[in-house]
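Written out below as structure tokens is the structure these notes cover.
Please treat every number below as a calculation from the coordinates, not as lab data. The shown structure was predicted, so the numbers you read here are calculated from the model rather than taken from an experiment. With ideal geometry, Cβ positions are generated from the backbone for all residues, glycine too; neighbour counts draw on all protein chains shown.
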Amino acid sequence: MKLFRIKGGVHPDGNKGRTAHAAIEDLPLPALLHIPLQQHIGSPAAPVVRRGDQVLKGQLLAHSQGMISAPVHAPTSGRIVGVGNYPAHHPSGLSVHTITLQPDGADNWGEGEPPRTDPFTLAPEEIATRVAAAGIVGMGGATFPSAVKLNLRTRYSLDTLVINGAECEPYLTCDDRLMREQGVAVIDGIRIMAYALGVGRIVIGIENNKPEAQAAMRAAAKEFPEIEVAGLPARYPMGSEKHLVQTLTGVETPARGLTADIGVVVHNVATAYAVHDALRYGRPLLSRVVTVSGGAVRLPKNLRVLIGTPVEDLISYCGGLSESPARLISGGPMMGQPLPGTRVPVIKGSNGVLALTEREAANEESMPCIRCASCVKACPCGLVPLEMANYIRSGDLEGAVGYGLMDCISCGSCAFVCPSNIRLVQFFNYAKGELTARQRAEHQQNETRRLAEARTIRLERQEQAKREAMARRKKAQAEAKKAKEQAEKARDAAQQSVRTGS
Amino acid sequence: MFAALMSLMALGLALGVLLGVAARVFKVEGNPLEAEIEAMLPGSQCGQCGFPGCAPAASAVANGKAPVTLCPPGGRTLAQSLANKLGVTVDLSGVEDQAPTYAHIREGLCIGCTKCFKRCPTDAIMGAHEQIHVVFRDACTGCEKCFEVCPTECIEMRPVEATAQTWYWSKPMEASS
């Protein structure tokens, strides 16, 4: 199939060899599971269980609230030992609402496994509803609720489903292994999603550094002519949704738009597998495949891990750490975020846990910019990172926005090639966060003004009502007085007439 | 002599009429800048700036009697936009000394006197006579008006803490070049 070139990009060392050969292993049941209520983009889920409750495997723990949200389920059977705050799988190290579950070891589904259904007999909307109920979110790391993306056809005219199997981040091999080992299930999930979206064309994009995965997917997709498997040149960030679509179709997604604007929806292979599980077997999303790797890990592996398992359990199953890591990262080394510790749980979007050594992390002092423009050549979005960073450094965030800050995908290509080790991505992430905070402050101020005005109107209305009531009362009093006077007058007159008559 | 007198008088009259018309046509109702600044302020009349309300505060800012950083609820964002409006430069590094807070009512001590309920400028307190009152955290601006009037001192001002949703990366530290 014809591919289209994208601008920029970098070639970091793959480092995938450590785990590419390692078949997915099931991690033994941990002693405790910490299941955060917010593992997705959108509103957090609301808990429906209490401390002390006994729950079965797959039972709903917290339901979704709002349009963009996702529920969470019990990854195994056991007892709820806490509903409270626990350190989040997040670089800030802050706590989030978390349900803590103590497994009972029985891994009990209750009345057997949920019933099986044929998804192709269901209405497309019903498939999206079931995907939402299973708590499936984008498992490539973005964690956007998948059901929302499956419902896009009501608002956009769609023609293509692109499946993201690029896995362009170094070290990570979880999608690679999933495609190799569960090819048939992944293809089935992909077909279910295409049916829900009502699209006729399916393209699976896999980088050429994963020939076994390409072969496995081609073999599994042989009977379905609408599915095409495309080999992509291995170049970071090929797995970025917009760049993947541009490579495969030659059409660029509009700035700050969705790929749906050009008729394409992108889902990850792990999401497809979760959809297969949910629609064929009625199982909610309870586990995911995580690559545990990095120079400081003794035995790097790919593990199937229950959601909520502490990261330390994964590391100790992989033989522990051979040295104290310079960096502990969730996700890949390019876009991954540092973890505040190993106590934090695995969440739906965590595709990798990397413990990098000093040599791998390359924590070097940052130096002044020499204006070599390497970052301009590397930027896949066609931006000028050095100028944006200069604006942000001097505090002019609006200037950086004028240079396209909002089109930056924080892929890290610029910081990767920078010979001066300037923390370019941190500048951009800081600026995006600061702009969002300002927006929030402004919104809050407008709300305050609205509330204050509403209060003034309310007070005036109350005052008005009081005045009216007073006026009515006065009028009533006056009338009563008048009536009384009249009655007295009449009585007097009557007495007068009686007297004159007598 | 007469001609000179008449021409000066005519000149005086004509200019006088012109001034009179100009005074009517180009009449200014107060300082327009004050109105514009007042529209930018939160409008909750909380009085934290030391002025009795947002309108007097706006007039003080417009006349240069108060700094653009006067409004604690508006914070850094408002200070920046006021500075842009007035064309002055402002050092924002020292602005946000006061961390944002919100009021919290300790339910065990609330006697339901409705004093705080009546004073809240944004209707962020819900309650009724002899009922325990509660604060809607999202609507509270931390103006401390309720804090001052509570007879049982059951209101405490708590700092608004960053959550995983509002947290973001700090600006990178660099060696000065």
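What to note about this one:
- The residues packed around B:V61, meaning those with a beta-carbon under 15 Å from its beta-carbon, carry a net charge of -1 if Lys and Arg are +1 and Asp and Glu are -1.
- DSSP beta bridges in the protein assembly as shown [antiparallel fraction, %, rounded to 5]: 65
- Mean-position separation - Cα centroids, region B:137-177 and region A:213-280, in angstrom: 44
- On the basis of the beta-carbon distance and an R0 of 51 Å, B:A39 and A:M1 show a calculated FRET efficiency of 0.30.
- For residues of A:391-401, the mean tally of beta carbons on other chains within 10 Å: 1
- Mean partner shielding of peptide A:416-423, defined as the number of other chain Cβ atoms within 10 Å of each residue Cβ, is 1.
- Peptides A:159-171, B:146-158, A:280-292 ranked from most to least packed give A:159-171, A:280-292, B:146-158, packing being the mean of other C-beta atoms within 10 angstrom over each peptide's residues.
- Averaging the sequence gap over all C-alpha pairs within less than 8 Å and six or more residues apart, then dividing by the number of residues, gives region B:32-94 a relative contact order of 27 percent.
- Relative contact order (percent, whole number), chain A, Cα cutoff 8 Å, 6+ residue spacing: 17
- Comparing B:V28, A:L94, A:L122 along the charge dipole axis of the protein assembly as shown, the residue lying farthest to the positive side is B:V28, per the Cβ-charge model.
- Amide H within-cut-off set for A:V137, under 5 Å, with H built and near neighbours excluded: A:S146
- At least 30 Å along the helix axis (C-alpha) and Kyte average at least 1.0, DSSP helices within chain A: none
- At a Cβ-Cβ separation cutoff of 4.7 angstrom, cysteine residues of chain A with no neighbouring cysteine are A:C168, A:C174, A:C318, A:C369, A:C372, A:C379, A:C381, A:C408, A:C411, A:C418.
- Counted by neighbouring Cβ atoms within 10 Å, the residues B:W169, A:W109 run from fewest to most as A:W109, B:W169.
- Mean separation of Cα contacts under 8 Å, 6 or more apart, over the residue count of region B:112-177: relative contact order %: 25
- Cα lying deepest toward the dipole's positive end in the protein assembly as shown, options B:Q48, A:L56, A:V203, charges on Cβ: B:Q48
- Computed from the Cβ-Cβ distance with R0 of 60 Å, the FRET efficiency linking B:E153 to B:V25 stands at 0.55.
- Any cysteine of chain B lacking a neighbouring Cys Cβ under 4.7 Å - listed by number: B:C49, B:C54, B:C71, B:C110, B:C113, B:C120, B:C140, B:C150, B:C154
- By the rule of a C-alpha distance below 19 Å, with chain neighbours fewer than 8 residues away ignored, the aspartates and glutamates paired with B:K65 are B:E34, B:E36, B:E38, B:D91.
- Bridging of A:K482 to lysines at a Cα separation below 29 Å is possible for A:K466, A:K474, once same-chain residues fewer than 8 apart are set aside.
- Placing +1 on the Cβ of every Lys and Arg and -1 on the Cβ of every Asp and Glu, with no other charges, gives the protein assembly as shown a dipole of roughly 2080 debye about its Cα centre.
- Flagged links, alpha-carbon separation over 23 Å, of A:K242/A:K432; A:K2/A:K210; A:K242/B:K171; A:K475/B:K115; A:K7/A:K301; A:K242/A:K301: A:K242/B:K171; A:K475/B:K115; A:K7/A:K301; A:K242/A:K301
- For A:425-438, mean number of other protein chain Cβ atoms within 10 Å: 4
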